Amino acid sequence: MRQGVIRSVLCGTVVAGALLAPSASAASLVGDYQFQSTDASSGPGPALTETGGGGPTSFQNENVMGTSRQVLTFPEGTGLSMSPSVGTGDVPYSVVTTFRFTDVNDYKRILDATEGSADQGFYDSSGTADIFGVNEASSTTIPFTNNAYATVALTSLPSAESRFYVNGAFVVNLNESFPVSADTLRFFKDDGSEDSAGAVSCIRVFTGVLTDAEVAAIGASPSCQAPAAAPAPAPPVVHKKKKCKKHKKKRSASSAKKKHCKKKKKRH
């Protein structure tokens with residue numbers, strides 16, 4: 001909830017963000033949530049837990065970016081919590097999630113690192129991608145619409161910068177980081193009432209910061225992962241031609257006899 005907060009809105013920060021973008025990844029996967037009938041991670045990390053009092057979550061099949069897939073639906077006022085997550089304090093981390101909100105109007109919380117104690121974090125703001133901290137930055141585009149899935153990547157670089165990507169494209173940054181309270185990350189649940197019902201197809205959490213190239217490779221993904229690289233085509237098989245030996249023409253017996261036989265000279 002943002003009542004009584006003074007903020008300055010900074011739009012169009014693509015150039016500044018590009019200059020500060022990390023060039024090499026040091027990101028390590030610490031949670032991989034695919035929501036195939038479970039809140040548990042399919043890799044490292046703890047199971048997610050429900051947070052908030054909006055009601056229970058449930059699994060159902062939906063069309064996610066053209067793919068039939070099981071997702072986890074959540075009512076307004078209920079989100080998900082990961083603890084332990086990426087550490088405590090001003091640590092580098094990244095989150096990738098593919099989700100939809102039923103209602104994108106006003107502010108709707110996507111990610112909270114304050115354990116529900118403050119407004120700072122990543123939001124949808126009436127369809128724009130919004131980062132709210134001491135200052136505020138919003139995208140110049142409107143990537144979110146009601147009930148439409150989008151893949152977002154969110155990164156926080158200690159004491160430097162936070163970045164917001166949608167479907168693989170960088171959309172806005174803020175020259176602030178978001179320290180993590182009590183080693184806990186919360187998804188889709190605000191510290192107040194800035195929530196929406198919706199559904200989530202996947203969440204992947206990393207320590208370290210994903211690069212622009214890594215986020216672009218993920219793109220818009222129902223599984224929050226870059227598509228598997230196609231196997232390299234096998235090199236063509238080159239068949240070496242065998243050198244044929246030249247066969248000498250066999251002489252006939254008569255010609256051979258003629259060659260080796262000398263004419264007898266007549267004696268006088």
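Annotations
- Selection count where residues are under 18 Å from F144 (Cα atoms) and either in a strand (DSSP E or B) or not basic (K, R) (or both), scope segment 164-189: 12
- Test: D119 is modelled with pLDDT of 95 or more, in a strand (DSSP E or B) and over 20 Å from P92 (Cβ atoms): no
- Scanning segment 40-64 for residues that are buried (at least 17 other Cβ atoms within 10 Å of the Cβ) and not in a strand (DSSP E or B) yields S41, G45, L48, G52, G54, T57.
- Per this entry, T73 is not counted among residues that are at pLDDT 95 or above, under 24 Å from K189 (Cα atoms), part of a loop (DSSP other than H, G, I, E, B) and hydroxyl-bearing (S, T, Y).
- Test: residue in segment 78-88 that is among the hydrophobic types (A, V, I, L, M, F, W, C), modelled with pLDDT under 95 and within 22 Å of D183 (Cβ to Cβ): no
The values are calculated or read from the model by the stated rules, or taken from the named source; none is laboratory data. Source: prediction; values computed, not measured. Glycine gets a Cβ as well: all are built from the backbone with ideal geometry, and neighbour counts include every protein chain shown.
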